[in-house]
Amino acid sequence: MKRISLTQYLVEEQRLHDNIPASLRLLIEVVARACKTISHSVGKGALGDILGSADTENIQGEVQKKLDVISNEILLEANEWGGHLAAMASEEMESIHPIPNRYPMGEYMLLFDPLDGSSNIDVNVSIGTIFSVLKAPEGMSQPTEQDFMQPGSQQVAAGYAVYGPQTMLVLTTGNGVNCFTLDREMGSWVLTQKGMRIPEETKEFSINMSNQRHWYPPVQRYIAEMLEGKTGPRAKDFNMRWIASMVADVHRILNRGGIFMYPADARDPSQPGKLRLMYEANPMAMIVEQAGGAATDGKGRILDIPPAKLHQRVPVFLGSKSEVERVTGYHAE
Ligand code: AHG
Ligand code: MN
Ligand code: MN
């Protein structure tokens, strides 16, 4: 089998479709390299002193794990000096991180969830990194938070790394979705799945059932109908999976279909859902749509939401198109 590396893929993609200029290729390769470093730390576990809590809180009021902080540092350091970025923003940092003056400023802005699935770190379950790439607005000199307030449809690239039994990188630059597997011995990313497509038909759903009593009626109805199985209105039995790492749940759905949901609920009406628009919902929505699926907040397309603030949360329904359309339809009724 001829092995195609991430670099070769990016170069050839540019030649064919003219959609990955050299600076974007550098950006993607630097992010991929940072994910390789994170993967290496993840793999060391207790031996690398990366488990447990960092005894600090992030802007969302969540206790940070050591690996949240380490992964954030790795991504910042890797991406500062290359001249491809104007600024970064992270789930783990209150404000944006402009590129220091000593480095040249580039035309892109990078957003990331450095470590997704933090509750799984200490129990050796799959976790990941999610990233999103935006273009800096024309004529921008000193980046501000306002420059990041672009809807997800403006993303020029999005991807995630999943640190599981294998380390994989799933990437879109707006022309389909491809998956690369990390060859740990060689230290290189090898193209292993081309043009990933989410299967249309599914019997699998993904939601944290422990929140059921807080859900609003459309979600109650949608789940109840699935739970009724063969003799219910859906006339088939469904299976449920919830890994509590969005990256791992989305990766399963990309491969064998399904729907992932983190709805808004009645616990705290000021917090519409748990997941963050800029670091989780937007990049995953782009990937899912590029793979033939759909992603909504229950009302409309996630990629059309005009962001109001950096750490904004949104309800998320994504995966196989017909299922996402059904639950979105229930919200409209
Ligand atoms: P993070 O670790 O970046 O804070 O994200 C965790 C997210 C997401 O990955 C996962 O689907 C969800 O939170 C799990 O939430 P529950 O703990 O409520 O199940
Ligand atoms: Mn996350
Ligand atoms: Mn995180």
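The values are calculated or read from the model by the stated rules, or taken from the named source; none is laboratory data. These numbers were taken from a predicted model, which means no experiment stands behind them. We place every Cβ from the backbone using ideal geometry, glycine too, and count neighbours over all the protein chains shown. Side chains included, ligands, DNA and RNA excluded: accessible areas come from the protein's heavy atoms. Shrake-Rupley method; radii C 1.70, N 1.55, O 1.52, S 1.80 Å.
Taking the range 225-333 and the strands (runs of 3 or more DSSP E) fully enclosed by it, the elements with 1 or more residues that are more than 26 Å from R213 (Cβ to Cβ) and modelled with pLDDT of 95 or more are at 294-296.
Reported count of residues in the range 213-248, each being under 18 Å from V327 (Cα atoms) and open to solvent by less than 10 Å² (accessible area, probe 1.4 Å), is 5. The test for being surrounded by 18 or more Cβ atoms within 10 Å (Cβ to Cβ), in contact (Cβ under 8 Å) with a residue 12 or more places away in the chain and not hydroxyl-bearing (S, T, Y) holds for G117. Within the range 46-94, the only residue that satisfies the criterion of being open to solvent by 30 Å² or more (accessible area, probe 1.4 Å), aliphatic (A, V, I, L, M), away from ligand 2 (no atom under 16 Å from the Cβ) and assigned to a loop (DSSP other than H, G, I, E, B) is L51.
Evaluate the following for K44: is it free of Cβ contacts under 8 Å to residues at least 12 places away in the same chain, more than 16 Å from ligand 1 (Cβ to nearest atom) and basic (K, R)? Yes; evaluated as a whole, the condition is true for this residue.
For the range 249-271, which residues satisfy the criterion of being without any contact (Cβ under 8 Å) to a residue 60 or more places away in the chain and buried (at least 21 other Cβ atoms within 10 Å of the Cβ)? If the condition is that a residue be without any contact (Cβ under 8 Å) to a residue 60 or more places away in the chain and buried (at least 21 other Cβ atoms within 10 Å of the Cβ), then D249, F260, Y262, P263, A264 are the ones that fit.
Looking for something out of contact with any Ser or Thr (no Cβ under 9 Å at 6 or more places or on another chain), of a type in the set (G, A, S) and in a strand (DSSP E or B) - is there at least one such residue anywhere in the range 95-104? No, the range 95-104 contains no residue that is out of contact with any Ser or Thr (no Cβ under 9 Å at 6 or more places or on another chain), of a type in the set (G, A, S) and in a strand (DSSP E or B). Check L169, L182 and return the single one that is within 17 Å of the chain's Cα centre (by Cα), among the aliphatic types (A, V, I, L, M) and under 22 Å from D116 (Cβ atoms). Checking each option against the conditions leaves just L169.
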